[in-house]
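Working notes, beginning with the structure itself.
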Amino acid sequence: QVQLVESGGGLVQPGGSLRLSCAASGSMFSIYTMGWYRQAPGKQRELVAAITSGGSTNYADSVKGRFTISRDNAKKTVYLQMNSLKSEDTAVYYCNAAWLTFAYWGQGTQVTVSS
């Protein structure tokens, strides 16, 4: 069992930056592929970025070059550094941990990009 708690969301102006954190409890954090997803009002949840246990990353085309995912296995935490934020990045951001058939979700953190 893994519990995930996101933090770091908030209101930011276009062009600004935020760093999201997702702290995990439970054991074996390092074996999980960790991902950040987002869901905007009226839209489906979509993958933003993911990082495997080996450190390989992948990103949605819409965030490539602006967002960076990283993990600290010792702290059981995954991060999402978001730069050059746009209004279309506004959404609830969710942390996900996945391994084989197991998947866990955090409660989400709101990110609002607005002037």
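The values are calculated or read from the model by the stated rules, or taken from the named source; none is laboratory data. The model shown is predicted, which means the values in this text are computed figures rather than measured ones. Heads up, the Cβs are rebuilt from the backbone with ideal geometry, glycines too, and the neighbour counts pull from every protein chain shown. Remember, those area values only see protein heavy atoms, side chains included, never the ligands or the DNA or RNA. Shrake-Rupley method; radii C 1.70, N 1.55, O 1.52, S 1.80 Å.
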Could you calculate, for the range 25-115, the ratio of the Cα radius of gyration to the Kirkwood radius, expressed as Rg to Rh? 0.96
Add +1 for every Lys or Arg and -1 for every Asp or Glu among the other residues with Cβ under 12 Å from the Cβ of W36, and state the total. +1
Give me the accessible area per residue for the chain, probe 1.4 Å, as a whole number in Å². 52
Quickly work out the Y104-to-Q13 label distance, labels modelled 7 Å from Cα along the C-beta direction, and quote it in nm with one decimal. 3.9
Pairwise centroid distance, computed over Cα atoms, of the range 13-71 with the range 87-114, Å: 7
Quick one: length gained pulling S56 to D72 fully straight, 0.36 nm per residue minus the C-alpha distance? 4.4 nm
Pull up the cross-link candidates among the aspartates and glutamates for K76, meaning alpha carbon to alpha carbon under 18 Å and not fewer than 8 places away within one chain. E6
For K75, counting only lysines whose alpha-carbon sits under 28 Å away and dropping same-chain residues fewer than eight positions off, the answer is K64
Quick one: net charge of G16's neighbours, Cβ under 13 Å, K/R +1, D/E -1? +2
